[in-house]
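Before any comments, here is the structure.
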Amino acid sequence: EALSPAYRLDLVIGEETAAAAPDFALLEIDQVQVKGKAIPIRIYTGVGDERMAATAEFHRLKDIHDRMLAAYRGQDWAAAADAAEQCRSSAPESLTGFYEIYAARIAEFRADPPPADWDGVYVAKSKTG
């Protein structure tokens with residue numbers, strides 16, 4: 001499921017915008033394939049400015065966050081769930097709901113795994129998710 005309409009991040013940007021802001025504290029949040037488009041895109045959220053990006057706290061969060069996404073996309077549900085919990089306990093409160101969504105996705109895939117060739121891309125059914 002995409003980010004629930006009941007939960008929205010304050011800032012969601014695409015790959016091009018993220019590439020244009022390399023000094024900001026950005027976290028990849030998903031790979032989505034928008035209806036009508038053939039190629040999935042990575043989307044990001046901003047956690048802070050250049051000062052935040054330079055902090056040890058952000059570097060730790062980003063490391064755990066990136067491990068969570070890699071485990072999730074690799075269908076290593078135990079590692080993904082562990083990393084999501086670590087992220088949830090160390091991330092700013094504004095991201096708590098985001099990590100809860102990933103925890104729910106992971107639990108769902110543990111119960112009903114996707115096919116072996118699943119690429120981790122969420123296919124949006126509409127442009128709003």
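The values are calculated or read from the model by the stated rules, or taken from the named source; none is laboratory data. Here the structure is a predicted model, which means the values were calculated and not measured. Note: ideal-geometry Cβ built from the backbone for every residue, glycine included; neighbour counts use all protein chains shown. Please note that ligands, DNA and RNA were not included when accessible areas were found on the heavy atoms of the full protein model with its side chains. Shrake-Rupley method; radii C 1.70, N 1.55, O 1.52, S 1.80 Å.
General observations
- Among residues of segment 40-53 that are without any contact (Cβ under 8 Å) to a residue 40 or more places away in the chain, those with a beta-carbon under 7 Å from a residue that is open to solvent by 70 Å² or more (accessible area, probe 1.4 Å) and part of a helix (DSSP H, G or I) at least six positions away or on a different chain give the pairs I41/E15; R42/E15.
- Residue match in segment 61-70 (condition: of a type in the set (G, A, S) and over 12 Å from the mean Cα position of the chain (by Cα)): no
- P114, sole failed condition from (1) open to solvent by 80 Å² or more (accessible area, probe 1.4 Å); (2) in a loop (DSSP other than H, G, I, E, B): (1)
- Filtered residue count, segment 15-51, keeping only those that are at pLDDT 85 or above and surrounded by 13 or more Cβ atoms within 10 Å (Cβ to Cβ): 22
- Scope segment 52-76; condition in a loop (DSSP other than H, G, I, E, B), more than 18 Å from Y122 (Cα to Cα) and open to solvent by less than 60 Å² (accessible area, probe 1.4 Å); matching residues: T55
- Residue selected from segment 77-102 under the condition polar (S, T, N, Q) and under 21 Å from R42 (Cα atoms), by the criterion least open to solvent (accessible area, probe 1.4 Å): T96
- Test result for A84, of a type outside the set (D, E) and more than 14 Å from L27 (Cβ to Cβ): no
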